[in-house]
1. Which shape class applies to segment A:166-253: rounded if a/c is under 1.5, otherwise prolate when a/b exceeds b/c and oblate if not, where a ≥ b ≥ c are the square roots of the Cα gyration tensor eigenvalues?
2. When the helices in chain B are scored as -39500 (n - 2.57) per DSSP H run of 4 or longer and the sum is shared across all residues, what 222 nm value do you end up with, to the nearest 500 deg cm²/dmol?
3. Of A:97, A:82, A:143, which is the most mobile in a GNM of chain A whose springs link Cα atoms less than 10 angstrom apart?
4. Return the calculated 222 nm mean residue ellipticity for chain A, to the nearest 500 deg cm²/dmol, obtained by summing -39500 (n - 2.57) across DSSP H runs with n ≥ 4 and dividing by the residue count.
5. Could you give me the percent of Cα pairs per 10 Å distance bin for the protein assembly as shown, shortest bin first, beginning at zero and ending with the bin that holds the maximum distance?
6. Tell me, how many Å apart are the Cα centres for segment B:87-152 and for segment A:185-199?
7. Evaluate peptide A:187-197: per residue, the Cβ atoms of other protein chains within 10 Å of its Cβ; return the mean as an integer.
8. Order of A:107, A:96 from fewest to most other C-beta atoms within 10 Å?
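Since every read-out is calculated from the coordinates, none of them should be taken as a lab result. Note that this is a predicted model, so its numbers are computed, not measured. When we count neighbours, we look across all protein chains shown, and the Cβ atoms used for this are built from the backbone with ideal geometry, even at glycine.
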């Protein structure tokens, strides 16, 4: 039995070395690098990229002024969102006391929808919010992700990291297992990526749908037979923060094309 | 009176939110690992290697092929997450193989490999459809082990 305990201690030591090493020398790699040539070409061509339909839907919503309304998003931010600053978009999720602490880009859009346009609030991941988020994030295409990691964000990132490495579901797996420990290896015909979020909301060839980050989290949870959290939940916000800051420096690709 | 009411409310809230452990399935075969092996067949069942081979490549069965290279030439796209299982029986005994299928976390606490016959009460936030259930049945585990021991 002593041998068993020693082996467990050895395995623990090895895992700490691996985790530490990856934290020190970690180079983020976009899911784009894991794609074949034709899928990359589809993403890069704005007429071929099926996600651009959602960008256009978002632009329409951005300019929509309902009969009794005085303003649209475009009234402040420009018809094509030209007054939005890509460098600011690249900082989401942000820490903003006014928005109640940790706030995603969708939270920010939702805030304007409810308070500036005085509309009935929409639930998180409502297709209209996802379309607006896709349109706005697309304005920052190519801008490097630049999420704050110090100050009030630091303890939140730590919470996100804990969720990221918590085992869930009947398969008893964590995000960490696929996207850190085994990234680059083959799960049957599919190469495991780093699970970077710089292309969200993204167009998925498998489902033919634009997919928000929180929806994607739900798909992962269901794949390991876990009970998913709700889109917009505290857990998914913390995961979004951890995943986004892990990709700091990667160019925003919204709408990315993925499988 | 108010304090009492608050207490009652608190107690009922705690009672309803506390995570209830599912009961073990009535047919769950208890097993015990010794020296990193389970030498006894689960419930004394006898495995069938042909069924085990079919389960190993079945995406709705054991799906070993998702992560491992298997000596199954007619299938393409074998996974590379775990070690290849070619000649695995020359490296491990039957009992060692059984423990690795049943609960690999006993061997490596950091493994990605699901415990196919792990105590289901140890899993976290399981979807309702799988709550309190093992991934494979004891018979399926024995079928897979019976196939693995032929891989010499």
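1. rounded
2. -9500 deg cm²/dmol
3. In this elastic network of chain A, the residue with the biggest mean-square fluctuation among A:97, A:82, A:143 is A:97.
4. Taking each H run of at least 4 residues, the total per residue is -12500 deg cm²/dmol.
5. Percent of Cα pairs in each bin: 4, 19, 26, 22, 16, 9, 3, 0.
6. So the two Cα centres are separated by 25 Å.
7. Mean shielding count: 3.
8. A:96, A:107
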